[in-house]
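Here's the structure we're looking at; comments come further down.
The values are calculated or read from the model by the stated rules, or taken from the named source; none is laboratory data. All of these numbers come straight from a predicted model, not from anything done at the bench. Using ideal geometry, Cβ is built from the backbone for each residue, glycine included, and neighbour counts are taken over all protein chains shown.
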Amino acid sequence: MFAVLKTGGKQYKVQAGDTLRIEKLAAKAGDKVQFNEVMMIGGDTPKVGAPLVADAGVQAEVIDQIKGVKTINFVKRRRKHSSKRTKGHRQQLTLVRITDILATGADMSGVMAAVGGAGYTAVFADGQNAKLKTAQAEKARRADAGEAAPEKAPKAKASKAKASSDADDLKQLSGVGPALEKKLNEAGVTTFAQIAAWTEADVADMDEKLSFKGRIEREGWIEQAKDKTKG
């Protein structure tokens, strides 16, 4: 029996015992993987996919992660200000040995699917990854043993400055818009009474802290705030 599988954008005709160098898989040496993109099954009862053969798979063992032959890319520009560049590249490959060809039953085999990529993520034929399977197994073990599930640590919530319900609309002051009001609120200034009570030291500190550069005195915020509190 032979099969035609697709991986890394290429097609390979394989049978049990073949060794292949293919585009890098997200697996490590010793892992058993399954190629689920099978385009044809050959043998006594051949099957041709449209484009894939349903429920078919090719299983293989990862031998090693290797690199291909180095290729050299040389570019030279013949101009007044000429330049040249040399770059080398070695394609990352995975060496696998075909162990079995499944004409049916691949979807329920439970073997990690062959997925391309540099990372290592165990993805099984049923669509679950290794982390999920481990969590499910641990949950089943606790249920059998009658153990309670571990308590989850409370998630830290980002603190946000919120204006109190009695905050004044500081945008009523001359030269204060939404952005400036937000800066004042973040600095703890939310009412006209606070501004009306500012001293010279408070004004200098606020000028320095929020880079107002004399705006408070120039716009007359303190006098305006006093008028607002009287009203």
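Residues that are part of a strand (DSSP E or B), among the basic types (Lys, Arg) and more than 29 Å from the chain's Cα centre (by Cα) were ranked within segment 31-84; the one that is nearest to Arg21 (Cα to Cα) is Lys47. Scanning segment 44-63 for residues that are touching a Ser or Thr at 6+ places or on another chain (Cβ under 9 Å), exposed (fewer than 12 other Cβ atoms within 10 Å of the Cβ) and of a type in the set (D, E, K, R) yields nothing.
Hand me the list of helices (runs of 4 or more DSSP H) wholly inside segment 163-231 holding 2 or more residues that are at pLDDT below 85. Show your work before the answer.
Details: elements: 178-186, 192-196, 200-210, 215-219, 221-230.
Helices (runs of 4 or more DSSP H) meeting the threshold: 178-186, 200-210, 215-219, 221-230.
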